[in-house]
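Working notes, beginning with the structure itself.
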Amino acid sequence: MHQIWRVSLLGRSATLAVIPLAGILSWLIGSNVFVAGLVVVGGVFTAIRFAFHPAVILTDNDVTVRNPSGSRRVPLDEVVMVEPGYGGLTITTASGDPVVAWAVQKSNLAKWKGWHTRADDVAATIMSASRSGAAAR
């Protein structure tokens with residue numbers, strides 16, 4: 001089993017849409033093409049790091065959380081609970097250490113309304129893999 005979940009298409013698209021808007025806004029405010037260009041270049045870097053880099057990677061033995069600030073690998077036999085939320089998936093380990101995955105998030109509205117989302121499916125898949133791995137051992 002090898003599955004990868006990334007930031008949703010809507011999240012990536014929204015991030016990309018903000019880049020030219022930020023460049024135009026900075027140009028309108030400062031009337032400086034150089035500054036507007038720097039804003040666009042910074043926006044591209046930010047989009048790559050925050051919208052295209054994050055991922056949750058599930059293999060037979062572990063789940064790897066790749067966030068903008070770094071990566072963390074959690075063996076499946078250490079996964080105790082996975083909860084979707086606004087900040088991402090919170091994976092609680094056997095030591096009680098939470099690992100938050102930015103790539104898959106559940107909006108507060110979906111949580112309040114009780115809507116089933118992609119984040120719920122990802123959390124269930126990781127928990128299922130954790131349980132099946134524990135049963136095999």
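The values are calculated or read from the model by the stated rules, or taken from the named source; none is laboratory data. The model shown is predicted, which means the values in this text are computed figures rather than measured ones. Don't worry about glycine lacking a Cβ; one is built from the backbone with ideal geometry, like all the others, and counts go over all protein chains shown.
Observations on the model:
- Residue satisfying all of: in region 1-56; within 22 Å of Val99 (Cα to Cα) and without any contact (Cβ under 8 Å) to a residue 24 or more places away in the chain; farthest from the chain's Cα centre (by Cα) among these: Ile48
- Index of the failed condition, Phe45 passing every other in (1) under 26 Å from Ser128 (Cα atoms); (2) loosely packed, with under 13 Cβ neighbours inside 10 Å; (3) aromatic (Phe, Trp, Tyr): (1)
- Taking the numbered list (1) of a type in the set (S, T, N, Q); (2) crowded, with 18+ Cβ neighbours inside 10 Å; (3) within 19 Å of Ala129 (Cβ to Cβ) in turn, Ser26 passes all entries but (3).
- Considering Ser95, Ser128, Ser132, the condition of being hydroxyl-bearing (Ser, Thr, Tyr), more than 23 Å from Leu9 (Cα to Cα) and in a loop (DSSP other than H, G, I, E, B) is satisfied by Ser95 alone.
- Matching residues, region 1-23, being surrounded by 15 or more Cβ atoms within 10 Å (Cβ to Cβ) and not in a helix (DSSP H, G or I): Trp5, Arg6, Val7, Ser8
- Of all residues making up region 60-115, the number that are exposed (fewer than 12 other Cβ atoms within 10 Å of the Cβ) and in contact (Cβ under 8 Å) with a residue 24 or more places away in the chain: 1
- When residues of region 3-53 are limited to those that are in contact with a Phe, Trp or Tyr (Cβ under 9 Å, 6 or more places away or on another chain) and among the basic types (Lys, Arg), the one modelled with the highest pLDDT: Arg6
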